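As structure tokens, the structure follows; a few thoughts come after it.
The values are calculated or read from the model by the stated rules, or taken from the named source; none is laboratory data. Bear in mind the structure is a predicted one, so any value in this text is a computation, not a measurement. Cβ placement follows ideal geometry from the backbone for every residue including glycine, while neighbour counts extend to all protein chains displayed. In case anyone asks, the SASA skips ligands and DNA or RNA and just uses the protein heavy atoms, side chains included. Shrake-Rupley method; radii C 1.70, N 1.55, O 1.52, S 1.80 Å.
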Amino acid sequence: MVLVDSHVHISMKDYDTDREEVIRRARAAGVRLMVEVGYDLESSERAVGLARTNEGIVAAVGVHPHDAKTWNREASDRIEELAKEDSVVAIGEIGLDYYRNLSSPQEQAAAFRAQIDLAARLNLPVIIHERDAFEDVLSILVDAGAERLPGVVMHCFSGDWRAARRCLDRGFYISIAGPVTYKNSKFQEQVARLCPLDRLLTETDSPYLTPSPFRGKRNEPSYVKDVTEHIARIRSMPVEILGKTVLENAYKAFGLDEVKDQVR
Ligand code: NI
């Protein structure tokens with residue numbers, strides 16, 4: 001079985017004692033591609049370092065809405081510099097988070113727009129974080145011309161099918177995470193069932209959002225197997241075919257067609 005984890009943060013200190021083991025377990029589970037996603041300058045640097053030294057791991061660099069208040073000329077220059085590294089396949093995670101509002105909505109919007117423009121300039125896809133801000137995220141994406149980007153990935157999608165449909169209509173990818181396995185995850189199951197197969201991605205968002213039956217423990221990329229198995233069950237399809245299809249989607253979304261053989 002082959003699998004993809006489109007969103008991990010395994011360069012975080014949570015994995016300092018056993019990172020090699022975690023990567024080994026992911027590979028043993030069939031995970032062929034992991035995207036290590038930055039959320040500020042430091043984590044973006046770490047993502048590049050991790051991807052540079054590990055086959056099958058690629059990086060995304062960017063400033064999360066929580067840290068949007070740190071977005072300035074210097075941050076922009078550094079993210080742009082990092083984004084030009086070979087191992088970097090996307091700008092992210094970027095977006096809006098009105099749930100925690102750790103940066104003001106104005107600061108969030110400014111950093112978000114600037115990073116969409118950066119992605120457009122470098123012809124890179126974007127990985128979108130959205131919480132309690134769907135309408136504003138969608139309108140900024142449309143307004144900033146995100147449809148011209150090589151890919152838009154809606155990370156850990158938690159909206160309903162109507163919201164998903166509006167993303168799919170614009171050619172975006174829907175990435176489903178661990179909450180799809182929770183008993184109260186009505187929307188995620190519906191979206192995972194109805195999403196066209198060629199627009200679907202899987203992720204763990206490790207170390208967060210641990211899927212059942214490991215809920216409560218630290219998350220890790222090998223658990224994307226449980227996410228994928230759950231979606232396969234919902235869709236009544238063989239997990240092997242789902243895993244392979246979603247991996248292909250990830251290669252396409254992140255423009256990895258040319259290096260596919262290496263990643264494999
Ligand atoms: Ni994340």
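What number results when the radius of gyration of the chain, computed over Cα atoms, is divided by 2.2 N^0.38 Å? Spell out each step's value before the answer.
On the way: Rg = 16.7 Å, N = 264, 2.2 N^0.38 = 18.3 Å.
The reported ratio for this selection is 0.91.
Filter 13/252; 183/244; 186/217; 69/252; 13/217; 183/217 down to the pairs with a C-alpha to C-alpha distance above 24 Å, please.
Working: 13/252 30 Å; 183/244 26 Å; 186/217 22 Å; 69/252 32 Å; 13/217 15 Å; 183/217 17 Å.
As for pairs spanning more than 24 Å Cα to Cα, those are 13/252; 183/244; 69/252.
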**Request:** Return the carbon/sulfur percentage of the accessible area of the chain, one whole number, probe 1.4 Å, all protein chains in place.
**Result:** 47 percent
**Message:** Based on alpha-carbon centroids, what's the gap between segment 1-48 and segment 175-237 in Å, whole number please?
**Reply:** 17 Å
**Prompt:** Points 7 angstrom from Cα along the Cβ direction at residue 20 and residue 100: gap in nanometres?
**Reply:** 3.2 nm
